[in-house]
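First up is the structure itself, then whatever we jot down about it.
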């Protein structure tokens, strides 16, 4: 059976410093009056357990001394990120794979996605940047009852492709722990040595600076 490459979205297929990460910053600023930088957000991500950016935004507000109802965080976050009809910060996303990479990978692999994003957000990004790429299956926030680091999403893919060799690509501790719990080999994406070391410690079989180095690892 054809092996399957399973991709996380944020930090793997899409560069989200100016989109999702900036939305966290602006959401926290709205409720607390304090500007938090990406390095602080990364510290939370590196600690694990913060795959959900709504929950992370709420927790940062809490740690800054402001308790905000979860639904209020979601509402403000989505106003900033989605805007009116996807004209918000989501437009700042950058597609990471260079032209032809995914097409070449698809010659020898099936391509799938396991992300904590809502399906609506994911579909918008895929339609912008990769309308001709077939990802199947696609596992999103709505697909699971338990978010990463729980392995539920990867186990769903395993159940659909019971005899396929799977590899998961992600950029966070939660991605690595989800893969380990599902007994799926994990390749880490890390822009700096601190994160790379954390992902290796979590069992990554390889760590690369971005997805465009993947072909060299697979060889």
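For the reader, a short list of remarks on this structure follows.
- For residue 114, the conditions (1) in contact with a strand residue (DSSP E or B) (Cβ under 7 Å, 6 or more places away or on another chain); (2) not assigned by TED's automatic domain parsing to the domain that holds residue 164 all hold with the exception of (2).
- Flag if residue 86 is over 28 Å from residue 5 (Cα atoms), within 20 Å of the chain's Cα centre (by Cα) and not in a helix (DSSP H, G or I): yes
- Remark: residue 56 falls outside the filter, which requires a residue to be at pLDDT 95 or above and out of contact with any helix residue (DSSP H, G or I) (no Cβ under 9 Å at 6 or more places or on another chain).
- Selection of the stretch 150-189 for residues being surrounded by 20 or more Cβ atoms within 10 Å (Cβ to Cβ) and in a loop (DSSP other than H, G, I, E, B) yields 151, 171, 172, 184.
The rows are residues; the columns are (1) in contact with a helix residue (DSSP H, G or I) (Cβ under 9 Å, 6 or more places away or on another chain); (2) assigned to a loop (DSSP other than H, G, I, E, B); (3) surrounded by 15 or more Cβ atoms within 10 Å (Cβ to Cβ).
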{"site": "116", "(1), (2), (3)": "yes, yes, yes"}
{"site": "123", "(1), (2), (3)": "no, no, no"}
{"site": "127", "(1), (2), (3)": "no, no, no"}
{"site": "131", "(1), (2), (3)": "no, yes, no"}
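- Scanning the stretch 96-107 for residues that are over 13 Å from the mean Cα position of the chain (by Cα) and at pLDDT 95 or above yields 97, 98, 100, 101, 102, 103, 104, 105, 106, 107.
- Of the residues making up the stretch 17-40, just one is farther than 22 Å from residue 68 by Cβ and in contact (Cβ under 8 Å) with a residue 40 or more places away in the chain, namely 18.
- Residue that is nearest to residue 113 (Cα to Cα) [pool: residues in the stretch 203-213 that are surrounded by fewer than 20 Cβ atoms within 10 Å (Cβ to Cβ) and touching a helix residue (DSSP H, G or I) at 6+ places or on another chain (Cβ under 7 Å)]: 212
The values are calculated or read from the model by the stated rules, or taken from the named source; none is laboratory data. Predicted model, so just to flag it, every value in this text is computed and none were measured. Cβ: placed from backbone, ideal geometry, glycine included. Neighbour counts: every protein chain shown.
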